[in-house]
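Throughout, read-outs are computed from the coordinates displayed, never taken from laboratory work. Predicted, not measured: the structure shown is a model, and the values here were computed from it. Quick reminder, even Gly has a Cβ in these numbers, built from the backbone with ideal geometry, and neighbours come from all protein chains shown.
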Amino acid sequence: EFPITIRSLSEAIGRPAKTLMTMMFQRGEPLTINAGLDEETAIELSMECGVDLEVRHERDIELELVEKLTGGDDDVEGETIRPTIVTILGHVDHGKTTLLDALRSANVADGEAGGITQHIAAYQVEHEGQKITFVDTPGHAAFGEMRARGANVTDIVVLVVAADDGVMPQTKEAISHAKAAGVPVIVAMNKIDLQGVDEQRVLQELSTNNVLPAEWGGDYEVIRTSATTRQGLDELLHTIVLTAELHEYKGNPNVPAHGVCLEAFRDEGRGVLAWLIVQQGTLRIGDDVLCGPAYGRIRAIYDDHGNELEEAPPSTPIKVSGLDVVPGAGDHFFAMADIDEAREAAESRRQRGRAESLAGRGLPRTLEDILNQ
Ligand code: GTP
Ligand code: MG
């Protein structure tokens, strides 16, 4: 939609508004955050930020598809509170995975504990009677990439900062991604069990990076955690629950299902398996689905414990089988009217994808190149 403001462009492409304003300033056109940009300028700025506009275009097509399918979710009765979706971001080795495992293991029955080592892209826990869905993104780069593709799945970011290391380059990047996403951030000051950590220094570093701790009068709760001793885990979950209650994240189980693919792979026995997050609607076995370049009829749905489900309402992390090819992380999925519609859309995408990759590769230079195409 044009005109677009610096703020909305920043949110759309996952780059800080400040960066965009600096770029405009350098062009000799200083603008405020709410100033409008014309389409051409917005496209140029996105390109400079390395955001692929074909992908943006694709997103617009998909959003239209959502509109068409649902007639605007607002019109359909039955919107209800859905589980909150939380993404954990932070610098390398600051304890994201260990923290996720610790949060999950508190919720896993003993006999199932072995299942934790098995990789899962997302899972759900229950705390104080509220369901929370944690998304295990491979890192902030993937988070930014998914956001740039319009796959804005997260409601809340938990920013993990190791108490012994403080704010590091990837912490700063994670902060700007979270701010660009416009979602609440809760800080987990992790590894608090280590001897001689300097909490004040970490709080200071957070402040200088525009994350002013609540205890210093700011907006950001800083929870002291240890993934190894489990200190602070309940408090972290409690803070997530409070934040969720404040925002009342809603979903509608009564519209055609759509959401985002977190990751996918080919399994020897079961064919293509895709981890999906249902954002709106209810996905059911037998639904005809389009997901990026893939399509197919949903054969099986598994929850994060590997149990088979018949259907999955909003905010449910699931693994599904039935797609014909492996979709990418950040690809949107949609339940379509029938398998023909899904196939046609998938095929036209694949054709376009091939055309683009041919164009991107430039002219073939050797006979071998030609044959390989
Ligand atoms: P990447 O995925 O590589 O970015 O790292 P990560 O943030 O997921 O860190 P990871 O969970 O792999 O933890 C890194 C190291 O820190 C591991 O050796 C963990 O055992 C250790 N660690 C994580 N949390 C804590 C903690 O609370 N206390 C202590 N003492 N060690 C921790
Ligand atoms: Mg990790």
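Tabulated data
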{"quantity": "Options 265, 294, 281, ranked by Cα towards positive dipole end of region 227-311, top entry (Cβ charges)", "calculated": "294"}
{"quantity": "Linear extension gain, residue 39 paired with residue 348, 0.36 nm per residue minus alpha-carbon span", "calculated": "108.6 nm"}
{"quantity": "Label-point separation in nm, residue 307 to residue 209, each point 7 Å along Cα→Cβ", "calculated": "3.9"}
{"quantity": "Cleavage-rule hits (GluC sites (Glu not before Pro)) in region 270-334: DSSP loop, at most 16 neighbouring Cβ within 10 angstrom", "calculated": "310"}
{"quantity": "Over 25 Å between alpha carbons, listed pairs 131/319; 18/250; 179/319; 96/131; 191/250; 96/319", "calculated": "18/250; 179/319; 191/250"}
{"quantity": "Order by protection proxy (mean Cβ within 10 Å, highest first), peptides 344-352, 21-29", "calculated": "344-352, 21-29"}
{"quantity": "Stretch gain in nm, segment residue 126-residue 338, where the contour uses 0.36 nm per residue and the Cα spacing is subtracted", "calculated": "72.8 nm"}
{"quantity": "Overall dimensions of region 203-346 as given by Cα atoms, namely Rg and Dmax in Å", "calculated": "19.5, 58"}
{"quantity": "Extension reserve of the residue 254-residue 98 stretch, reckoned as 0.36 nm per residue once the Cα distance is removed", "calculated": "52.5 nm"}
{"quantity": "Using θ = phi - 60° and Karplus 6.51 cos²θ - 1.76 cosθ + 1.60, couplings along region 161-171 (whole Hz; Gly, Pro as x)", "calculated": "10, 5, 5, 7, 10, x, 6, 10, x, 6, 5"}
